[in-house]
Amino acid sequence: MFLLALPDAHGIAVLVLVVVALALFTRESIPLETSSLAVLVLLVAGFELFPYSVIGTVYKKPLHATDFFLGFGHEALVAVCALMVAGQGLVRTGALEPIGRSLSRLWSVSPHLSFLLTLLIGAVLSAFVNNVPIVVLLLPILISVALRTGKSATGILLPMGFATLVGGMSTTIGTSTNLLVISVAADLGLRHLGMFDFFVPAALAGGAAILYLWLIAPLMLPVRQAPMEDISPRLFSGHLEIGEGGFADEKTLSEVMEKAGGSIQIDEIRRHPGLVMKPLPDLELRAGDRLAVRDTPATLKQLEEVLEAKLYAGDTPVDEEHPLTAEDQQIAEIVVTQGSPLDRTTLSQARFAHMYQIVTLALHRAGPTIRTISDVGDERLRVGDVLLVQGPSKQIAALKAGGELLVLDATSDLPHTRKAYLALTIMFAIVLAAAFGIMPIAISAVCGVLLMLVTRCIRWRDAAQALSIPVIMIVVASLALGKALLATGGADYLAHLFVAFAANASPAMVLSGLMLLMAIMTNIVSNNAAAVIGTPISISIATQLGLPPEPFVLAVLFGANMSYATPMAYKTNLLVMNAGGYRFTDFVRVGVPLTIIMWLCLSWLLPALYGL
């Protein structure tokens, strides 16, 4: 064992900042974009105040503080953003609807084989389209199937989500992580990997993963109650008719509300046919007035007694022979997705009830806790939150057809427009242009976005909603950290350290250990951060071992995509977690074996394919 020389002061500072950054990225209380900006500012300010003139062994360009801003114009980030916008075009036009319809019909014929086909289709689509819209497409289908058959959706939702992650690692555009690793490696002198250059190992390992997700994973998952299955309390619309001589007769509305404890929700007041009044506080009520109210059955019956009024549902009195019913009412789930109008805002700020004319019953956030309606209005929403709502069927249908929110029920068809096939054609053109080497994916994707805007497949508002500030900032901060590690020799030091610990191991074992390290990191911190930091280290490791760097770069790429073991490892994990009512332990129970399967398969395939 030999002693390793520490990097210089700048290198040590950058290594410390890397540790700080990884710690910040794991803190849920701090927004990811804020942590990323803090890391970027520390780098820029530090190198501006303390200039650095020594050039590292791998990074061959002089380093200036403003170089850390170049990530905003990096080819990988441009490609990521353009593909996010193009994917939004597919969602808004309903271009994937035919696949959803076909799958929905097949489930009624052979559920077991349909489940396998769903996993395969999810994996294949995710190789070319960001897996968020794929999960958005498949979630309502699978949940509706579970509701129709009376079975729990627990056994199918989580495997479906993992299948999209497995498929996403097979091409250069499958995930933003792939694009980043390939672009950073190309910046460091490695040949620019083509779209299908690592498809074979990914497909072979992915095949084993799909079999596991199809046959074994559903058996490992306990039955969980999805949030949408908990449909209590339901809100009902009714009318309270003021009785002559009762408490509310000749009382002002404010007095009535005070008597009711302030919780009564009055939409309007009907005095006689044709006269509808606003519920103003100083309005004096008269016998025969009907208050249009909305609440749970128990509360409405309690109000009937307290106010000495008669409760009606339409023109029918509510009694034992005519219990309160909710005709034309539907319960639905709304998932807050990336780019949603509800993301990072509150229901009050978004004027949600006024805009959509539906009532929010509860909020479900990662974990088993369901918060009641009283806690929801001022709660800042985030990606993965699930709102339980109730409203007339036409409002739920309109909400779903609008395409801006993910509604998890089967009350209406998926959104579809005459632009769907045009959007699909443009997406195919983006992929084919990159696959055949006609132009880089960053250029073809930007051209595709322009075509979608010109042909009105999407609007600029849609494009803006598709862009994710957290993704942009984590990419830029990660690129800046990677550049600092290279320039100061920090990457070389970490590579020396890794090689020293694996001194007696074979190259195949070193590669396998690097992949496992990335797999662990990606489930704790951002997968993009793990990938960008790991890429220069992998090249340094290969250089020190005198081996070709490509398999080591792919080890980082594959390892950073194994976001299976924790719900916070990837955004679709949170969507699936909330839709299926899963717990953290469910991801560990199914995700850890899946990680081991992928790691073992790729640890054998990469050395075999590259002759290590």
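Read-outs: derived from the displayed coordinates by stated rules, not from any lab. Worth saying up front: this structure is predicted, and the values here are computed from it rather than measured. Because the Cβ atoms are built from the backbone with ideal geometry, glycine has one as well, and the counts that use them run over all protein chains shown.
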Other-chain or far-sequence residues with amide H under 5 Å of Lys251's (modelled H): Leu285
Obtain the nm distance between the two label points defined at Glu305 and Ile438 by a simple spin-label model: each point lies 7 Å from its Cα along the Cα-to-C-beta direction. 7.3 nm
Calculated log₁₀ intensity ratio I(q)/I(0) where the Debye formula runs over C-alpha points of region 236-317, q = 0.19, 0.21, 0.25, 0.26 Å⁻¹: -0.72, -0.90, -1.37, -1.51
Any of Lys251/Lys394; Lys259/Lys310; Lys251/Lys310; Lys251/Lys301; Lys278/Lys394; Lys251/Lys278 with alpha carbons more than 27 Å apart? Name them for me. Lys251/Lys394
In whole angstrom, how far apart do the alpha carbon centroids of region 31-51 and region 258-292 sit? 58 Å
Going by Cα centres, region 429-455 and region 542-612 are how many Å apart? 29 Å
Once phi is turned into ³J(HN,Hα) by the Karplus curve 6.51 cos²θ - 1.76 cosθ + 1.60 with θ = phi - 60°, what whole-Hz value does each residue of region 390-398 show in order, with x for glycine and proline? 9, x, x, 4, 5, 6, 5, 5, 5
Any chance you could run the full-extension gain for Ala500 through Trp604? It's 0.36 nm times the residue separation minus the Cα-Cα distance, nm to one decimal. 35.2 nm
Restricting to Cα pairs under 8 Å and 6 or more apart, the percent relative contact order of region 236-317 works out to 47 percent
Which cross-chain or sequence-distant (5 or more) residues have an amide H under 5 Å from the amide H of Leu467, H modelled 1.01 Å from N in plane? none
